[in-house]
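Down below is the structure, laid out as structure tokens.
The values are calculated or read from the model by the stated rules, or taken from the named source; none is laboratory data. Nothing here was measured: the structure is a model prediction, and the numbers come from that model. Note: ideal-geometry Cβ built from the backbone for every residue, glycine included; neighbour counts use all protein chains shown.
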Amino acid sequence: MASIKKTVYGTWRAKVVRVGYQSQTKVHKTRQEAHDWVTEISAAQNAGTQVVKNKEAKVKTVGYLFDRYIAACETVFPNGRTEIEVAKSSINTAKRVRANAAFITRRLSQITPEDISDWKTARLKEVEPCTVDREMTAISSVFRQAIEWREPVAFNPVRLVLRPKYNKDGRWVEWHDEQIDAVCAVLGYEEGVCPTIVPVVNRTNQARGTGLRDSCNSFVAYAFLFALETSMRQGEIARLTVADYNRQDGYVQVLKSKNGSKRKVSLNTRATELIDVLCEGQPKDRNIFHFTGGTISCYFTDALQAAGIEGLRFHDSRHEAITRMVPQFTNLVELAEQTGHKTLQSLKIYYNPTQQTIRSRLLAYEEKMAYLKNGGQLRSVA
């Protein structure tokens, strides 16, 4: 949006405001000069060639913006909050871009959409399109925040670069009972038996590639089985302490989730049985599942390999759990509250019914309609 107004001194003040760009103002002697300036700025914005012409922009680099952004995400204030509240995965993505992108060394006065486009083209040769899309989101967040901070950034260059196309429907996965049993067997799971606790909590570096050697592995099995019942994320499970478990009301309190929201996750009978085994007689500050999220991932990957299972991972338990839960909830908003999704669209990604499941529900509906049509007398439906 542009505006041109006459000042009390007889000059003309032109202002250009556009989403994703810093607002710009300049005073001109005549209205025509003001109009020409607005036209020039708008054309530069449309072409993605606008730059900020000042000393700061010639000194500061894109890397500086990333450093300030990451620091704002990680520096915790006395009240426990940060300047920018984002998921840890988003911070890690920004760090990954900061470490590898060629445009990081570009001056703010030089950065253009072409730099982002060239990076995208090269990056697509290395990773999947969905990864590039997430990284572009992180880059866009950095520039958007820089504009809010009034850094010498003219606009957000990511807005003028097309996102890579890919299937956004998510992974189509299904855990079979035999696979679940096989993984748990490799991990040494014993029903109702609490694993032996050792003092080391973060075993990520030791776990990768070293095999499965001690009795603590069954903590990972408990975490996996608990995930299948609750649909909780790996990191959420790893952060649970005994104090987060309310046995009387049947829920666990998630204090920090991927999207930054707190929530209470209700537990069914099976989930309660699993967590009771691990919490019995333990102090309130004890991590229920003993390991960090990274260590759980390492051990679980080794277990999958040992069990001869391919194409699955720990996070797929979330797909499986949500697919099982859908028939139990008539209100999908309540299901989203349970799973920690902010939108039903993101929830839909995790619902992976089989063709047999859908057909059985259609037949069940026909059976119900036939029952009502015949005055309550049940008849079979072919």
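Structural remarks
- Helices (runs of 4 or more DSSP H) (entirely within the range 122-214) containing at least 2 residues that are crowded, with 16+ Cβ neighbours inside 10 Å and at pLDDT 90 or above: 129-148, 177-186
- Of the listed requirements (1) closer than 26 Å to Tyr189 by Cα; (2) crowded, with 19+ Cβ neighbours inside 10 Å, Thr269 misses just one: (2).
- If you go through the range 341-372 and keep only what is of a type outside the set (Phe, Trp, Tyr) and over 32 Å from the mean Cα position of the chain (by Cα), you end up with Arg359, Ser360, Leu362, Leu363, Ala364, Glu366, Glu367, Lys368, Met369, Ala370, Leu372.
- Output for the range 350-368, where each listed residue is closer than 23 Å to Asn331 by Cβ, at pLDDT 75 or above and among the hydrophobic types (A, V, I, L, M, F, W, C): Leu362, Ala364
- The residues of the range 90-108 that are outside any helix (DSSP H, G or I) and surrounded by fewer than 19 Cβ atoms within 10 Å (Cβ to Cβ), listed by number, are Arg106, Arg107.
- Scanning the range 315-340 for residues that are in a loop (DSSP other than H, G, I, E, B), surrounded by fewer than 20 Cβ atoms within 10 Å (Cβ to Cβ) and within 16 Å of the chain's Cα centre (by Cα) turns up just one, His315.
- Test: residue in the range 265-272 that is under 24 Å from Thr343 (Cα atoms), of a type outside the set (Val, Ile, Thr) and either outside the structural domain of Thr339 (by TED's automatic domain parsing) or without any contact (Cβ under 8 Å) to a residue 40 or more places away in the chain (or both): yes
Rundown of residues vs (1) of a type outside the set (Lys, Arg); (2) in contact with a Cys (Cβ under 6 Å, 6 or more places away or on another chain); (3) farther than 16 Å from Glu236 by Cα, yes/no style:
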| position | (1), (2), (3) |
| --- | --- |
| Phe314 | yes, no, no |
| Ser317 | yes, no, no |
| Val333 | yes, no, yes |
| Gln356 | yes, no, yes |
| Arg359 | no, no, yes |
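- Test: residue in the range 244-263 that is over 22 Å from the mean Cα position of the chain (by Cα), closer than 23 Å to Phe300 by Cα and not aliphatic (A, V, I, L, M): no
- When the residues of the range 275-307 are filtered to those that are without any contact (Cβ under 8 Å) to a residue 40 or more places away in the chain and more than 16 Å from Leu225 (Cα to Cα), the one that is surrounded by the fewest Cβ atoms within 10 Å (Cβ to Cβ) is Gly281.
- Scanning the range 230-256 for residues that are assigned to a loop (DSSP other than H, G, I, E, B) and surrounded by 17 or more Cβ atoms within 10 Å (Cβ to Cβ) turns up Ser231, Met232, Arg233, Leu240.
- Note on the range 109-121: among residues that are surrounded by fewer than 15 Cβ atoms within 10 Å (Cβ to Cβ) and not polar (S, T, N, Q), the one that is farthest from the chain's Cα centre (by Cα) is Glu114.
- Odd one out for Leu332 among (1) in contact with a helix residue (DSSP H, G or I) (Cβ under 7 Å, 6 or more places away or on another chain); (2) at pLDDT 85 or above: (2)
- Residue match in the range 350-364 (condition: of a type in the set (Val, Ile, Thr), in contact (Cβ under 8 Å) with a residue 60 or more places away in the chain and surrounded by 15 or more Cβ atoms within 10 Å (Cβ to Cβ)): no
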